[in-house]
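Working notes, structure below.
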Amino acid sequence: MNQLECGRVQIYTGDGKGKTTAALGLALRALGYDLDVLMLQFAKKLICAEHVAAERLGLRIVQATGPTPAARADEIMGMAREALAGATGTAEPGRPVDVLILDELGEAMRRGFVTRADVEALLAIKPATTELVLTGRGLLDLSDLADLVTEMVPHKHYFDEGLLARRGIEY
């Protein structure tokens, strides 16, 4: 396994489409360089086409199984801490994950299941060689904690014309 020399914190946020897609693109690139990548999903509880493709490519996407949204968020944060410590969830035990993606963190924070203090505590244990990617709406308040912030801004969307999510494009 390779290892990053310098891991940063990235945020993909905003009301526009493409936050998870951008994170998946980064994951795909990292996998191409044999980096250990783990995506943990807070708010998604269904298996989509990207999960099927990810499995084929060796990308690990994990969703929590707890009985309530709060329990699932707590479970995801625990998995994140373990992955950063190299305890579990990594391809090579004892070594922290190279790229950790917390997908839909914004929704967990909006609902009060994860706080800024929780994110700060995670950053405090993040190894210098781990890239941490946070996605979801409403994460601009965390901009001061990040090295890169991209805000997806919708200017036009076919959903506004009544076109619903399409298989293979939105899910």
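Nothing in this text is a laboratory measurement; each read-out follows from the coordinates by a stated rule. Just so we're clear, the structure is a prediction, and the values are computed from it rather than from any experiment. Here the Cβ is made from the backbone with ideal geometry for all residues, glycine too, and neighbour counts use every protein chain on show.
Helix-only mean residue ellipticity at 222 nm, the chain, DSSP H runs n ≥ 4 weighted -39,500 (n - 2.57), per residue, nearest 500. What is it? Present the calculation step by step, with values, prior to reporting the outcome.
On the way: 5 runs with 56 residues, N = 171.
It lands at -10000 deg cm²/dmol.
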Starting at the first residue of the stretch 64-73, write each ³J(HN,Hα) from the Karplus equation 6.51 cos²θ - 1.76 cosθ + 1.60 with θ = phi - 60°, in whole Hz, x for Gly and Pro. 6, 10, x, x, 10, x, 5, 5, 5, 5
For the chain, the charge dipole (Cβ of Lys, Arg +1; Cβ of Asp, Glu -1; about the Cα centre) points to a positive end, and the Cα of ALA87, ILE101, LEU163 closest to that extreme belongs to LEU163
Long-range HN-HN contacts of LEU139 with modeled amide H, under 5 Å: GLY14
Among ASP36, ASP98, ASP15, whose mean-square fluctuation peaks in a Gaussian network model of the chain (Cα, cutoff 10 Å)? ASP15
Order these by the 10 Å Cβ neighbour count, fewest first: VAL114, VAL37. VAL114, VAL37
Across the chain, how many lysine pairs, 8 or more positions apart or on different chains, have C-alpha atoms separated by under 25 Å? Please give the number. 9
As I understand it, the dipole of the chain uses +1 on the Cβ of Lys and Arg and -1 on the Cβ of Asp and Glu, about the Cα centre. Which of GLY58, LEU145, GLN10 lies farthest toward its positive end? GLY58
Ranking PHE113, PHE42, PHE159 by Cβ neighbours within 10 Å, fewest first, what do you get? PHE159, PHE113, PHE42
Using the count of nearby Cβ atoms within 10 Å as a rough guide to exposure, how do VAL149, VAL52 rank from fewest to most? VAL52, VAL149
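Give me the dipole magnitude in Debye, nearest 20, for the stretch 9-152 about the Cα centre, with unit charges on the beta carbon: positive for Lys and Arg, negative for Asp and Glu. Each step should come with its number before you reach the end.
Numbers: 15 positive and 20 negative charges, 74 e Å.
Once rounded to the nearest 20, the dipole reads 360 debye.
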Search the structure for amide H atoms under 5 Å from the amide H of VAL62, placed 1.01 Å from N in the peptide plane, and list their residues when 5 or more places away or on another chain. MET39, LEU40, GLN41
Amide H neighbours of ILE11 under 5 Å, at least 5 residues apart or on other chains, H built in the peptide plane: list them. LEU134, LEU148, VAL149, THR150
Phi angles of the stretch 104-121, converted by Karplus (6.51 cos²θ - 1.76 cosθ + 1.60, θ = phi - 60°) into ³J(HN,Hα) in whole Hz with x for Gly and Pro, give 6, 4, x, 5, 5, 6, 4, 7, x, 7, 10, 10, 4, 4, 5, 5, 4, 5
Calculated from backbone phi, Karplus (6.51, -1.76, 1.60) coupling profile of the stretch 155-166 in Hz, x at Gly/Pro: 9, 7, 8, 5, 4, 5, 9, x, 6, 7, 4, 10
Could you work out the longest stretch of the chain that avoids the GluC sites (Glu not before Pro) located in DSSP loops with at most 15 other Cβ atoms within 10 Å? 6-169
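Using Cα-Cα distances under 8 Å and only pairs 6 or more residues apart, what relative contact order does the stretch 9-152 have, in percent? Walk me through the intermediate numbers first.
Details: 265 pairs, mean separation 55.6, N = 144.
Here the relative contact order equals 39 percent.
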Can you tell me which of ALA30, ALA43, ALA53 moves the most in a GNM of the chain? Springs connect C-alpha atoms under 10 Å apart. ALA53
Residue of LYS156, LYS126, LYS17 that the Gaussian network model of the chain assigns the largest fluctuation, springs spanning Cα pairs under 10 Å: LYS156
